[in-house]
Amino acid sequence: MLTDTERDEYLAEIRRQVCSHCKEKPEGGPPCAPLGKPCGVELYLPELIDAVHAVHDEAMEPYRQSKEKHVCARCAYLHSCFCPCPLDYWYGPVIQAIENVDKRRERRERGHRFVSGLPAPTKADLAEATLAYERAVGLWTGCDWTTQFGNLDLDLNGWTAAEAESMAVEATDAEEVEDWTAAAQWLAQVEQNASLAESQAALAMTAANAGEWSEALEHARRAVLLEFAAGRPLWHGLPLTWQPLFNAIKDAALRTADEPKAEPTSVG
Ligand code: SF4
Ligand code: SF4
């Protein structure tokens, strides 16, 4: 059973990866159902998520069958002369969006286990830094902003390097092959930066936990710089994933520096 927060995260990702490109959305949507446009994304979201979670396969057919079973089988429109929702057309990107959220959640859980496993902090209260770390881990894993990439203005938002590589292999047009090949390389670089930034953040937490403040700050700074270098841009309105961790570690380091030193006790 999904919590409201989990449901909201899946829906937000589908809105970002699918609805933003959907040609069938009514004016003013989404949400589309109140505007008279029924869509499985809104009517059957928990079932749709179950349908994707029931399958782990490279091929599309098992996913399609799972959707028929979990979603369409209970839909009032199943036996009508046409399906009013664009779910068939958008099902691939919907699967991608759901699996992206799954990967993020997995990384967040790993991050949570990581900070829980750290020994108790030695010098300062690291509650803020721990919170910042747990909030950020798994948030940025690849290209999650709109692009106009290459000659074909590809929007790579939500695409992985592996998916772009498949597109390059399947493409027949020379220009498409060239663009998808370049996109795969660029996406791989973005994914690598995201992963390195996450490693730097983990190192920052380990160092902070040991009271090694300058080392912790340096790792947190590198995490922020890797995000800049990947081009995950502030001008697209995305907040920097690791900036709050950097700020929290800096604050904790300053607090520690301000702590009064223990007065030497005089003997005799
Ligand atoms: S019709 Fe469905 S896929 Fe299209 S915008 Fe509305 S909810 Fe999203
Ligand atoms: S039966 Fe048609 S309208 Fe209903 S969820 Fe499936 S694709 Fe959408």
Original post:
Which residues, taken from the range 82-100, are in a loop (DSSP other than H, G, I, E, B) and loosely packed, with under 15 Cβ neighbours inside 10 Å?
Top reply: Phe82, Pro84
**OP:** Could you check Gly28 against (1) open to solvent by less than 60 Å² (accessible area, probe 1.4 Å); (2) assigned to a loop (DSSP other than H, G, I, E, B); (3) away from ligand 2 (no atom under 16 Å from the Cβ) and say which number it fails?
**Re:** (1)
Original post:
Say we look at the range 51-81 and pick out the residues that are in a loop (DSSP other than H, G, I, E, B) and near ligand 2 (Cβ under 7 Å from one of its atoms); which of these is surrounded by the fewest Cβ atoms within 10 Å (Cβ to Cβ)?
Top reply: Leu78
Original post:
Out of all the residues in the range 187-210, which are farther than 20 Å from Leu131 by Cβ and surrounded by fewer than 19 Cβ atoms within 10 Å (Cβ to Cβ)?
Top reply: Ala188, Gln189, Glu191, Gln192, Ser195, Leu196
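The values are calculated or read from the model by the stated rules, or taken from the named source; none is laboratory data. Computed from a predicted structure; not experimentally measured. Positions of Cβ are generated from backbone atoms using ideal geometry, with glycine treated the same way; all protein chains shown enter the neighbour counts. Calculation scope for accessible area: heavy atoms of the full protein, side chains included, ligands and nucleic acids excluded. Shrake-Rupley method; radii C 1.70, N 1.55, O 1.52, S 1.80 Å.
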